[in-house]
Amino acid sequence: MLLAYGLLVVGNLVQTGFSEGWFRINLMNITTGVGVGLGVIAFVWLAVRTEHDWVQDTYRLLPVTNTRFYLAGVVTTVGAYLYFVVVRLLVMGLSALVSGQQSAANLNHWLRVAWTGGVREFGTVGWLGVLAFVALLVSLLIVGAWTLITLVHLLTNALSTFLPAGRQRIFKGLLAIVVVGVLVWLGKWLVQLRDWVTAAWNDAAMVSILGMFVIGVVAMMAVNVYLLKFWVEARVR
């Protein structure tokens, strides 16, 4: 993914240089604008790789408990994605410095706007508190999405064992409909959650929201570990 990002940056740099002139290149705009979809691709790619690891005999036969095995997969997946995000942010930050005073002035302007607006909008919670809350919430959403994907995958594997090939297709189709319905409901709930949080920025609201997400993620992880331990067999690959 990082190699693809680098190639996109170089390709966009060359194209901009030939079409608009080499002296009009803004490296910060290029590094920020290209490769936006790579974050989604990296998310999906890591989910697929992790799902393969959890049902592969090479890893399932390691002398560790299912809980440790599952948590190791979660930690390494999150670490890999965080590595991708941090490297991209560093490239964007360095490009802002290289781009010169105009990019630095624009960045400073937006930071001042964000800080002023944050103090005005969020009051006693504070801009830094809101930033920490958003970072934790996004992290929980990412981990929760991976956990939900694993839950659907393991449930499919476990229940398909008891069904003939024809009924497996029907079951997977019904499960896909249920998952889509859950995702649509979750999207509507997140919109309502955003409105509720915007109307009540305080420490208690943020803690309660984070607590709900933590409980949900932990509950899904517990089900995944149970399925790995009792219902999902290792596969030879």
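The values are calculated or read from the model by the stated rules, or taken from the named source; none is laboratory data. Values in this document were obtained by computation on a predicted structure and should not be read as measured data. All Cβ positions, glycine included, derive from the backbone under ideal geometry; neighbour counts span all protein chains shown. Ligands, DNA and RNA are stripped out before the accessible areas are found, and what is left, the full protein with its side chains, is counted by its heavy atoms. Shrake-Rupley method; radii C 1.70, N 1.55, O 1.52, S 1.80 Å.
Work out the FRET efficiency for residue 205 and residue 98 from their Cβ-Cβ distance, taking R0 = 35 Å, and round it to the nearest 0.05.
0.30
To the nearest 0.05, how large is the calculated FRET efficiency for residue 234 and residue 171 if R₀ is 25 Å and r is the Cβ-Cβ distance?
The computed FRET efficiency comes out at 0.70.
Please list the non-local residues whose amide H lies under 5 Å from the amide H of residue 56, H modeled 1.01 Å from N, same-chain partners needing a gap of 5 or more.
The answer is 235.
What figure, in Å² to the nearest 10, do you get for the accessible area of residue 45 with a 1.4 Å probe and non-protein molecules left out?
Rounded to the nearest 10, the figure is 120 Å².
Can you compute the FRET efficiency between residue 44 and residue 19 using 1/(1 + (r/R0)^6), with r the Cβ-Cβ distance and R0 = 45 Å? Round to the nearest 0.05.
0.90
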